[in-house]
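I have placed the structure first, in the form of structure tokens, so that the comments after it can refer back to it.
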Amino acid sequence: MNNLENLTAMVIFARVVETLSFTQAARSLRLSKSSVSREIAQLEVRLGAQLLQRTTRSIEVTETGVSYYQYCSRILNEAKSAERFIRILHEEPMGNLQLMAPVTFGCQCVVPVLNSFISGNIHVSVDLDLTDRPVNMAEDPYDVAILIERDAPDYPQVRPLVDITWGLYATPDYLRQFPPIEKPQDLPRYDYILFRGPAHTISLPFRKEKQKLDIDVRSRFRANNSVALLSSALAGSGIAYLPDYMTQEALANGKLIRLLPGWRMDTYHAWMLVKEQSSLSPHVRRFASALQERLRREMN
């Protein structure tokens, strides 16, 4: 039995079943009626089963033919899906992209990608919601949502973006007022600028090879926004605990110094959630790929 011959005949058989007419099936497939009739007859011979009951006036599908058609139909649907995927792949992106991102990470890391994306995709418009509130992809209108969490969100369409590492930063002028900080145990005597939590004292984690330390420090200034913490650190108010991506410019121009760079501290992860019904849209798929590529290139 030649499987390739059967595939062609299965397409023809499915159209005959759907139209219950050799003439209509032939017309829809742009074949002659005699070719359609011959393919069905040869298929029945190869299968050793009668699929159609023919009379001069009508066509009836046999019980075996009905069952066989279910398999033919599934194969045809898969073929149509494959064609649709390729067609979408080559479509020019257009439409509206609804995106959610955390305020600070969105401003600093996502907006630059959006600027390039909008410039290169003139038929796409973007609605960006910068918010730190929780997201519900089933109810919220977003096509794409960016989350910063330690562990992967429980969602089927989730993609990892980049690691978000944290560190301690202060200005050279602030540090010159005190003895050098050479080890984590030197830290408790200083003023700290921390993300606002339930207590003024937090435990900072330090990891190096097999060493694990947790050092309690007390905040002098707390805020619920990392930009405010960075601003306070640049003003020389103390040592700030910040995501490393926020401090690159200040490090490069000498305005901030990273303390104890040989020690690892907290690591979070940026995740991208894509709404399931949006995942094949060309504009959503292209933006998701652009965001992944650029963040990994510039932040890793």
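Of the residues Y155, Y142, which single one is farther than 13 Å from V284 by Cβ and assigned to a loop (DSSP other than H, G, I, E, B)? Can you show your working first?
Numbers: Y142 fails: farther than 13 Å from V284 by Cβ.
Result: Y155 is the single residue among Y155, Y142 that is farther than 13 Å from V284 by Cβ and assigned to a loop (DSSP other than H, G, I, E, B).
Scan segment 183-212 for residues that are part of a strand (DSSP E or B) and in contact (Cβ under 8 Å) with a residue 40 or more places away in the chain and the total you get is 9. The C-beta contact set for segment 43-72 (first residue open to solvent by 90 Å² or more (accessible area, probe 1.4 Å), second residue in a helix (DSSP H, G or I), distance under 7 angstrom, 6+ apart or interchain) comprises Q50/E44; Q50/T64. Residues that are out of contact with any helix residue (DSSP H, G or I) (no Cβ under 8 Å at 6 or more places or on another chain), farther than 13 Å from M246 by Cα and open to solvent by less than 30 Å² (accessible area, probe 1.4 Å) within segment 219-231 comprise just one, S219.
Would a scan of segment 131-145 turn up a residue that is among the hydroxyl-bearing types (S, T, Y), open to solvent by 10 Å² or more (accessible area, probe 1.4 Å) and over 15 Å from the mean Cα position of the chain (by Cα)? Walk me through how you get there before you give the answer.
In the first step, residues of segment 131-145 are kept if they are among the hydroxyl-bearing types (S, T, Y); the result is 131, 142.
Those still in the list that are open to solvent by 10 Å² or more (accessible area, probe 1.4 Å) too: 131, 142.
Next cut, over 15 Å from the mean Cα position of the chain (by Cα) only: 131.
Yes, segment 131-145 contains at least one residue that is among the hydroxyl-bearing types (S, T, Y), open to solvent by 10 Å² or more (accessible area, probe 1.4 Å) and over 15 Å from the mean Cα position of the chain (by Cα).
Is there a residue in segment 271-287 that is among the charged types (D, E, K, R) and more than 24 Å from R150 (Cα to Cα)?
First, pick out the residues of segment 271-287 that are among the charged types (D, E, K, R): 275-276, 285-286.
Imposing the further condition that a residue be more than 24 Å from R150 (Cα to Cα) reduces the set to 285-286.
Looking for residues that are among the charged types (D, E, K, R) and more than 24 Å from R150 (Cα to Cα), one finds at least one in segment 271-287, hence yes.
The residue that is farthest from Y169 (Cα to Cα), among those in segment 252-289 that are open to solvent by less than 60 Å² (accessible area, probe 1.4 Å), outside any strand (DSSP E or B) and among the aliphatic types (A, V, I, L, M), is V284. Taken as a whole, the structure leaves I75 outside the set of residues that are open to solvent by 70 Å² or more (accessible area, probe 1.4 Å) and within 30 Å of R286 (Cβ to Cβ). For segment 113-125, a residue qualifies if it is under 18 Å from L295 (Cβ atoms), in contact with a helix residue (DSSP H, G or I) (Cβ under 9 Å, 6 or more places away or on another chain) and open to solvent by 40 Å² or more (accessible area, probe 1.4 Å), and the qualifying residues are S116, G120.
Residues in segment 21-42 that are free of Cβ contacts under 8 Å to residues at least 12 places away in the same chain and surrounded by 17 or more Cβ atoms within 10 Å (Cβ to Cβ): A26 alone. The residues on offer are R159, R207, and the sole one that is closer than 28 Å to L273 by Cβ and either open to solvent by 70 Å² or more (accessible area, probe 1.4 Å) or modelled with pLDDT of 90 or more (or both) is R159. S231 satisfies every condition listed in (1) in a strand (DSSP E or B); (2) modelled with pLDDT of 95 or more; (3) hydroxyl-bearing (S, T, Y) except (1).
Taking N115, is it part of a loop (DSSP other than H, G, I, E, B) and either more than 20 Å from N224 (Cβ to Cβ) or hydrophobic (A, V, I, L, M, F, W, C) (or both)?
Details: part of a loop (DSSP other than H, G, I, E, B): no; either more than 20 Å from N224 (Cβ to Cβ) or hydrophobic (A, V, I, L, M, F, W, C) (or both): yes.
Taking the combined requirement at face value, the residue does not satisfy it.
The residues of segment 103-130 that are closer than 17 Å to P243 by Cβ and hydroxyl-bearing (S, T, Y) amount to a single one, T104.
Restricting attention to segment 190-204 and to residues that are farther than 19 Å from A235 by Cα and at pLDDT 90 or above, the residue that is surrounded by the fewest Cβ atoms within 10 Å (Cβ to Cβ) turns out to be S203. Quick check: anything in segment 63-76 in contact with a strand residue (DSSP E or B) (Cβ under 6 Å, 6 or more places away or on another chain), charged (D, E, K, R) and modelled with pLDDT of 90 or more? Checking segment 63-76: not a single residue is in contact with a strand residue (DSSP E or B) (Cβ under 6 Å, 6 or more places away or on another chain), charged (D, E, K, R) and modelled with pLDDT of 90 or more.
The values are calculated or read from the model by the stated rules, or taken from the named source; none is laboratory data. Given the structure is predicted, the values throughout are model-derived calculations rather than measurements. So basically every Cβ, Gly included, is an ideal-geometry build from the backbone, and we count neighbours across all protein chains shown. Calculation scope for accessible area: heavy atoms of the full protein, side chains included, ligands and nucleic acids excluded. Shrake-Rupley method; radii C 1.70, N 1.55, O 1.52, S 1.80 Å.
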